[in-house]
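Visitor: Below you'll find the structure I mean.
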Amino acid sequence: MFAGGATIAPWRFYIGNPNEWMRPVKTQQAKTRSPSNVKIEMLTEDSGLAVLKAQWQKGSTGQILWQGDSSINAAAIAEHGGALSLVLRVDEVPDKPVSLRMDCGYPCSGSLKFGDILSALPKGEWLRIGIPLACFENAGTDLRKIDSPAVIVTSGNLGLSILDLRLALDVPKASMISCSA
């Protein structure tokens, strides 16, 4: 869905809040409209890494998400132990609950408590984590019709940098997060 500082087709990248849940991101920098509680920037760090830097500010619910025009069937990936794989860095620890959703056509969705996972990660370090697709299925996602494979939502402060985001079969076991985490 995202690698090398860019969203990969067929996915599109959006930011949103209650005034406009899905504002398309078409530039290297964007923020939600009033309130401007979610800001993103695509940048190349001094290390040469092309990343998405996302910042949420307390006050209103805000989200970032990737969505496609049509749904995909990820059931076979899940049957073989597949996961949502993220290479990320926590820049600011969340101060309110954070959800990570996988949507399958409104109102179909599966949501996980992501804030506890993020709070347990070392701040400022790049890490790969994998969340088994089975966790999303157990939470209500119909893996046969995923249209938004990653939706990150909070109403608090949070800073994340994302280097890579994908559905994958090859996530190292040491990087996998338990569904009960």
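Visitor: Got a sec? Which strands (runs of 3 or more DSSP E) wholly within the stretch 13-94 have at least 1 residues that are under 14 Å from the mean Cα position of the chain (by Cα) and hydroxyl-bearing (S, T, Y)? Lay out the reasoning, then the answer.
Guide: Working: elements: 20-24, 29-31, 38-44, 50-56, 62-68, 83-92.
The qualifying strands (runs of 3 or more DSSP E) are 83-92.
Visitor: As an exercise: evaluate P94 against (1) within 14 Å of L158 (Cα to Cα); (2) free of Cβ contacts under 8 Å to residues at least 24 places away in the same chain and give the number of the one condition it does not meet.
Guide: Status for P94: all satisfied but (2).
Visitor: Name the single residue that is surrounded by the most Cβ atoms within 10 Å (Cβ to Cβ) among those in the stretch 120-168 being hydrophobic (A, V, I, L, M, F, W, C) and in a loop (DSSP other than H, G, I, E, B). Walk me through how you get there before you give the answer.
Guide: The initial filter retains those residues of the stretch 120-168 that are hydrophobic (A, V, I, L, M, F, W, C), namely 120-121, 126-127, 129, 131, 133-136, 139, 143, 146, 150-153, 158, 160, 162-163, 165, 167-168.
The next check asks that each one be in a loop (DSSP other than H, G, I, E, B); those that pass are 121, 126, 139, 143.
Details: L121: 14, W126: 15, A139: 17, L143: 23.
It comes out as L143.
Visitor: Across the stretch 18-51, what is the total count of residues that are surrounded by fewer than 14 Cβ atoms within 10 Å (Cβ to Cβ), out of contact with any Leu (no Cβ under 9 Å at 6 or more places or on another chain) and either under 23 Å from T61 (Cα atoms) or modelled with pLDDT of 95 or more (or both)?
Guide: Result for the stretch 18-51: 8.
Visitor: Considering (1) over 15 Å from G159 (Cα atoms); (2) out of contact with any Ser or Thr (no Cβ under 9 Å at 6 or more places or on another chain), say which one I64 fails and leave the rest.
Guide: So I64 meets the others, but not (1).
Visitor: Next up: Pull out all pairs, ordered by first then second residue, where Cβ-Cβ is under 8 Å, the residues are six or more apart or on different chains, the first lies in the stretch 68-87 and is within 15 Å of M176 (Cα to Cα) and touching a residue at least 24 places away in the same chain (Cβ under 8 Å), and the second is basic (K, R) and surrounded by 12 or more Cβ atoms within 10 Å (Cβ to Cβ).
Guide: Correct list of pairs: L84/R166; S85/R128; S85/R166; L86/R128; V87/R128.
Visitor: All but one of (1) surrounded by fewer than 19 Cβ atoms within 10 Å (Cβ to Cβ); (2) more than 16 Å from W21 (Cα to Cα); (3) among the polar types (S, T, N, Q); (4) at pLDDT 95 or above hold for S85; state the number of the condition that does not hold.
Guide: Answer for S85: the failing condition is (1).
Visitor: Something else about it: Just for the stretch 169-181: of the residues that are of a type outside the set (A, V, I, L, M) and assigned to a loop (DSSP other than H, G, I, E, B), which one is farthest from T7 (Cα to Cα)? Show your work before the answer.
Guide: Pass one, the stretch 169-181, residues of a type outside the set (A, V, I, L, M): 170, 172-173, 175, 178-180.
Going one step further and asking which of them are assigned to a loop (DSSP other than H, G, I, E, B), we end up with 170, 172, 178-180.
Working: D170: 20, P172: 23, S178: 27, C179: 27, S180: 29 Å.
Selected residue: S180.
Visitor: Still on this structure: How many residues does the stretch 1-17 hold that are under 18 Å from Q63 (Cβ atoms) and exposed (fewer than 13 other Cβ atoms within 10 Å of the Cβ)? Lay out the reasoning, then the answer.
Guide: First pass over the stretch 1-17, keeping only residues under 18 Å from Q63 (Cβ atoms): 1-2, 7, 11-17.
The next check asks that each one be exposed (fewer than 13 other Cβ atoms within 10 Å of the Cβ); those that pass are none.
Residues meeting the conditions: 0.
The values are calculated or read from the model by the stated rules, or taken from the named source; none is laboratory data. Quick caveat: nothing in here was measured; it's all calculated off a predicted structure. Note that we place each Cβ from the backbone using ideal geometry, even for glycine, and neighbour counts take in every protein chain shown.
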